[in-house]
Amino acid sequence: MNTKIPGMAIAHLALRASDIDRSIKFYTELGMEPYLAWGEGAKRIQMLKFGGGAGVLELFNEGPEIKVVGEYAGKYTHFAYAVEDVEAAYNTALAAGALPKTAPKTVSLDSTPEKVSINIAFVYGPDGEEIEFFKEIR
């Protein structure tokens with residue numbers, strides 16, 4: 001529990017899209033649902049609900065002139081979806097047009113305060129954004 005800022009949680013994750021319609025199609029094929037939209041053309045914004053009370057993805061229509069800033073193209077490093085079945089999520093993303101990065105695998109972590117294993121897989125979304133499918137195994 002956050003005692004410094006009570007009630008703090010992730011509200012949304014923002015992503016700059018080079019083709020907002022392609023990104024909307026991709027993320028809806030992963031099961032997200034369009035939520036709110038506003039603006040037109042280069043000012044168009046679309047929010048999509050992740051599902052499961054996990055918040056919202058906010059897509060900004062940057063257009064094909066999206067600026068590359070450093071290694072991560074100014075988007076973000078990656079975001080992780082908590083899923084029940086990592087392999088099924090990975091295959092669903094590939095079927096929706098994602099490019100593979102890391103096939104599903106189990107990794108034992110030398111973590112504290114307890115040792116855990118995770119099942120993970122990574123894909124690249126429509127603008128090269130890294131998406132991780134994640135499940136903690138106890």
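The values are calculated or read from the model by the stated rules, or taken from the named source; none is laboratory data. Bear in mind that the values here come from a model prediction, so they are computed numbers and not experimental data. Positions of Cβ are generated from backbone atoms using ideal geometry, with glycine treated the same way; all protein chains shown enter the neighbour counts. Accessible surface areas use protein heavy atoms only, side chains included; no ligands, DNA or RNA. Shrake-Rupley method; radii C 1.70, N 1.55, O 1.52, S 1.80 Å.
On the stretch given as region 36-53, residues that are part of a loop (DSSP other than H, G, I, E, B) and under 15 Å from residue 19 (Cβ atoms) total 1.
When the residues of region 36-70 are narrowed to those that are open to solvent by 30 Å² or more (accessible area, probe 1.4 Å) and under 16 Å from the mean Cα position of the chain (by Cα), which ends up modelled with the lowest pLDDT? Filtering first and then ranking leaves 54.
Among the residues examined, residue 135 qualifies as over 22 Å from residue 24 (Cα atoms) and touching a residue at least 40 places away in the same chain (Cβ under 8 Å).
Go through 99, 109 for me and flag whichever is touching a Phe, Trp or Tyr at 6+ places or on another chain (Cβ under 7 Å) and not basic (Lys, Arg). It would help to see each step written out before you state the result.
Working: 109 fails: touching a Phe, Trp or Tyr at 6+ places or on another chain (Cβ under 7 Å).
Going through 99, 109 in turn, just one is touching a Phe, Trp or Tyr at 6+ places or on another chain (Cβ under 7 Å) and not basic (Lys, Arg): 99.
Could you please let me know if residue 132 is open to solvent by less than 40 Å² (accessible area, probe 1.4 Å), modelled with pLDDT of 80 or more and among the acidic types (Asp, Glu)? Criteria met by residue 132.
Which residue out of 119, 91 is at pLDDT 90 or above, over 30 Å from residue 41 (Cβ atoms) and touching a Ser or Thr at 6+ places or on another chain (Cβ under 7 Å)?
When all the criteria are applied, what remains is 119.
Contact map, region 88-111: first residue within 17 Å of residue 129 (Cα to Cα), second residue surrounded by 12 or more Cβ atoms within 10 Å (Cβ to Cβ) and polar (S, T, N, Q), Cβ cut-off under 6 Å, separation 6 or more or different chains; the map is empty.
Filter region 24-35 down to the residues that are within 20 Å of residue 91 (Cβ to Cβ) and of a type outside the set (Val, Ile, Thr), then identify the one that is surrounded by the most Cβ atoms within 10 Å (Cβ to Cβ).
If we filter region 24-35 for residues that are within 20 Å of residue 91 (Cβ to Cβ), which is where we start, we get 25-32.
If we keep only those that are of a type outside the set (Val, Ile, Thr) as well, we get 25-27, 29-32.
Numbers: 25: 13, 26: 21, 27: 24, 29: 14, 30: 21, 31: 15, 32: 18.
The extreme case among them is 27.
Remark: pairs (first residue in region 59-86, over 23 Å from residue 34 (Cβ atoms) and in a loop (DSSP other than H, G, I, E, B); second residue modelled with pLDDT of 80 or more and small (Gly, Ala, Ser); Cβ separation under 7 Å; 6+ apart in sequence or on different chains) = 73/128.
In region 13-35, how many residues are among the small types (Gly, Ala, Ser), outside any loop (DSSP other than H, G, I, E, B) and modelled with pLDDT of 85 or more?
From region 13-35, those among the small types (Gly, Ala, Ser) are 14, 17-18, 23, 31; that's our starting set.
Among the residues that remain, those that are also outside any loop (DSSP other than H, G, I, E, B) are: 14, 17, 23.
Then keep just the ones that are modelled with pLDDT of 85 or more; that gives 17, 23.
Residues that pass the stated criteria total 2.
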